[in-house]
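The values are calculated or read from the model by the stated rules, or taken from the named source; none is laboratory data. Keep in mind that what you see is a predicted model, and the values were worked out from it rather than measured. Using ideal geometry, Cβ is built from the backbone for each residue, glycine included, and neighbour counts are taken over all protein chains shown. What goes into the accessible areas is simple: the full protein's heavy atoms, side chains included, and nothing from ligands, DNA or RNA. Shrake-Rupley method; radii C 1.70, N 1.55, O 1.52, S 1.80 Å.
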Amino acid sequence: MATITETILLEKGSPKTTKLEEIKTLNLSKLRLKCSDLPANLLSRLRSLERWDLSGNVLQELPKNLELPELRFLDLSDNQMEDITSMASLSSLEEVKMEDNIYITVSDNYKLMTLLPKLRSYNGKDITSNANHLRFVFTENLRARIIALWERSYSLPDSATVDKMAGLEEDFVNAAQKQVKYGPSSVSNFTKWKVEILAREYLHSLTEPKEDVSDKSNEVVTPMKRKQTLALTNSDLRLTPRKKTRADPAASPSAEDNPGKLRLRPKRRTTDAVPVSPVTKAHFPMTPTRASAKKDAPGKHSTPQRIAAANGAMSGPKEATSDDVMKSIETQALRLQPLHVLQCHSKQDNSEDLSTQLWACAFQPQPDCSESRVVATCGGDSLCVIDCETGMVMKKYKVTGEEFFSLSWSTVLMSRGGGASAQPCSILAAGGKRGLVKLIHPRCNLAYGEFRASRKALSVLRFSHRQGNFLFTGCYDNKIVLWDIGGLDSKYNHKVVQLLALECSSTPLHICLPPSRPDAQLLAACEDGLHCYNTQLAPNSATKRSKEAEVTFPVYEKEDKDLDYHTVDGLSFLTDDIIASKNFMHDCIYLWSWSRTRSQRPNKNGCVRAAVLAELRWACTEIPYLALNTCPARSYVVCGDNKGKLWTYHVTNLQKDTSQTRKPIEPTEVLEWPAPVRKGHGQVEGPSINSVAVDPNLQYLVALSDKNMVMVWKSAP
């Protein structure tokens, strides 16, 4: 649907008139409208509008600051509403309908009752009594507890500078959200949201007592859902963790509503150069160790294997083969600057934890391929969903006794019953040493299901980007299994069916699906090499299959009894045809053509030689399992090393020549480890970068380390 115009409003409104200011009823139902289709300035001209029907659209929120002073009735049924606070300006509303909005929770309903002071009917039911209890009794109890906390533990500073007051406000609000408890746990998200508003209001009343608020009795303070952390810009950072306890989704289908995070408090100044600290090697119990040789038995340690970025290769350029040589991109190398460091996977929320290793991260794919700032990370017993811009942990899921090694995003259909059309639903799958796949619906903060994929640990998970309900799992039992997890109904009922099993000769580390034919072939980077499989599903076809061929690389010719380069620990498509891969112990990254390689006839050993197009010079290290990633839209390859550095390559003007005589291509830029400083502990030395992820437009880069740190970088303007 195109953006709403004045002509459409006059056509859909009544009574029939030539002036927007005279319309009293407006029907904009079933037009597939998004928030961006509703211009706030134009709609605010509907000064007499009393009834508005927006049912049957795809709205996730309403435009903020809408001014409709006479609006009494609003129908938002059968949408995808998520942000209730966007309705705060519609303070005259008396009746609201919100049926069939699958993302609305009980806490959201409570928020709505306090945001809309005149609301008396919700989904056709009289809510006057409950709403008044929330607005007065509930609110006053919270306010009394907040004031008691202040008087017991806080006071205004002698010299109230802006910086001091900002720090005091954040400390007080955080303490209030942790300590002020009231009402049932099922609405804890609402309680924390309301406590934040009241705590800020109270502190402001102490510092601005003379402000006349008599004419603002109906004004609603609507804070950001999550407070922004300060940007990480130099080597003089202070990491100050402030975390909350988490619920275990295995014990309860719903995780905690407001997961905690590491809050950064850096000094506000910038430097051009960021020093790099030397690496400190360490081995930690219960966590895979980098120093372990690749041939160690999987049972002795849980070597994590990850996918580089679940959907990174799907949004790239549409080159069919490498013969259509990658066109030069005039854009200069991007300037990426460190933005945040988080310790959100700490064991028992312990800020001293520098041992938990983090293994996989992936950006949430957007249906319109627009910028994504939401990334999921996993490591230890938890999985986090992070807003890269603010650095805030939006959701956190904890499973006691688990150690997550991999995750993957996808979109499945969720039916809602009653004849309503099914809606796309973004989900996460995560797994690790217990062999269980957790299925999570982050928007509703719900771990809605799990199934056992193997009796041994899971090393890698990967959804098909064409068939969103098809999930591949790689396991330490040397198998890759294809599952159909199906869709969901309104009660989260679902069915998981095994479709295919692929036999491997060693542990699969990464799974790649060719962007052009993800339903026909699969590439598996394993501890003993790179293998190709036929994954085409057809009637009467075998459900158990072996590899069709193995791809070999030139570095294999350098092997001897002490050196084995067969472990492929990095793999990602750069275009529809060009693949970036990395072999353990090799100091270069290969760029090679998938179509040219696949066109070869396997030799008697079932091997085909990779059609190498170029080599990218990389770090010389004996640390395995440092995964790479690609950004096809920007022709970038990124890979971290064992000293906290990020090697970036802006790959343009790639030549057809496949000879091995030319020199490796130098990195476009090597991003140094920012060496953050922990209070009382000095600088945190450069860790091994286990995994990296980039959003489709390379606005954000996320790196995971073996020292329990999530580093977020942002492209500088």
Within the stretch 550-565, considering residues that are modelled with pLDDT under 95 and part of a loop (DSSP other than H, G, I, E, B), the one most open to solvent (accessible area, probe 1.4 Å): K561
Out of the residues in the stretch 130-179 meeting the condition of being closer than 19 Å to S107 by Cβ and small (G, A, S), tell me which one is modelled with the lowest pLDDT. A131
With the requirement that a residue be within 29 Å of the chain's Cα centre (by Cα) and open to solvent by 10 Å² or more (accessible area, probe 1.4 Å), what does the stretch 513-531 give you? P515, S516, R517, D519, Q521, E527
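Taking only the stretch 54-79 into account, find how many residues are open to solvent by 40 Å² or more (accessible area, probe 1.4 Å) and either more than 21 Å from Y103 (Cβ to Cβ) or charged (D, E, K, R) (or both).
Residues of the stretch 54-79 open to solvent by 40 Å² or more (accessible area, probe 1.4 Å): 60-61, 64-65, 67, 69-70, 72.
Then drop every residue that is not either more than 21 Å from Y103 (Cβ to Cβ) or charged (D, E, K, R) (or both), which leaves 61, 64-65, 67, 69-70, 72.
Total meeting the criteria: 7.
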Do you know which residues across the stretch 438-496 are touching a residue at least 24 places away in the same chain (Cβ under 8 Å) and among the acidic types (D, E)? E450, D489
Check whether at least one residue in the stretch 413-420 is touching a strand residue (DSSP E or B) at 6+ places or on another chain (Cβ under 6 Å) and open to solvent by less than 10 Å² (accessible area, probe 1.4 Å), and report yes or no. yes
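Can you pull out every residue in the stretch 5-46 that is small (G, A, S), outside any strand (DSSP E or B), without any contact (Cβ under 8 Å) to a residue 40 or more places away in the chain and open to solvent by less than 60 Å² (accessible area, probe 1.4 Å)? Explain how you work it out, then say what you get.
Going residue by residue through the stretch 5-46, those that are small (G, A, S) are 13-14, 29, 36, 40, 44.
Subsequent filtering for residues that are outside any strand (DSSP E or B) retains 29, 36, 40, 44.
From the residues that got through so far, the ones that are without any contact (Cβ under 8 Å) to a residue 40 or more places away in the chain too are 36, 40, 44.
Passing the criteria: A40, S44.
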Between a first residue in the stretch 523-537 that is more than 10 Å from V551 (Cβ to Cβ) and a second residue that is open to solvent by 10 Å² or more (accessible area, probe 1.4 Å) and charged (D, E, K, R), which pairs have beta carbons less than 7 Å apart while being 6 or more apart in sequence or on different chains? E527/K294; Y533/R545; Y533/K547; Y533/E548; N534/R545; N534/E548; T535/D519; Q536/D519
Residue pairs meeting the criteria (Cβ under 7 Å; at least 6 apart or on separate chains; first farther than 23 Å from G419 by Cβ, in the stretch 71-82; second among the aliphatic types (A, V, I, L, M)): L71/L49; L71/L90; L71/L93; R72/L93
For the stretch 159-199, what are the residues that are among the acidic types (D, E), over 24 Å from N130 (Cβ atoms) and either surrounded by 17 or more Cβ atoms within 10 Å (Cβ to Cβ) or touching a residue at least 60 places away in the same chain (Cβ under 8 Å) (or both)? E170
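Give the residue that is nearest to P632 (Cα to Cα), with candidates limited to residues of the stretch 328-350 that are modelled with pLDDT under 75 and of a type in the set (A, V, I, L, M). Walk me through how you get there before you give the answer.
The first filter runs over the stretch 328-350 and keeps only residues modelled with pLDDT under 75, leaving 328-334.
With the extra rule that they be of a type in the set (A, V, I, L, M), the set shrinks to 329, 333-334.
Details: I329: 12, A333: 14, L334: 14 Å.
Ranking the candidates gives I329 first.
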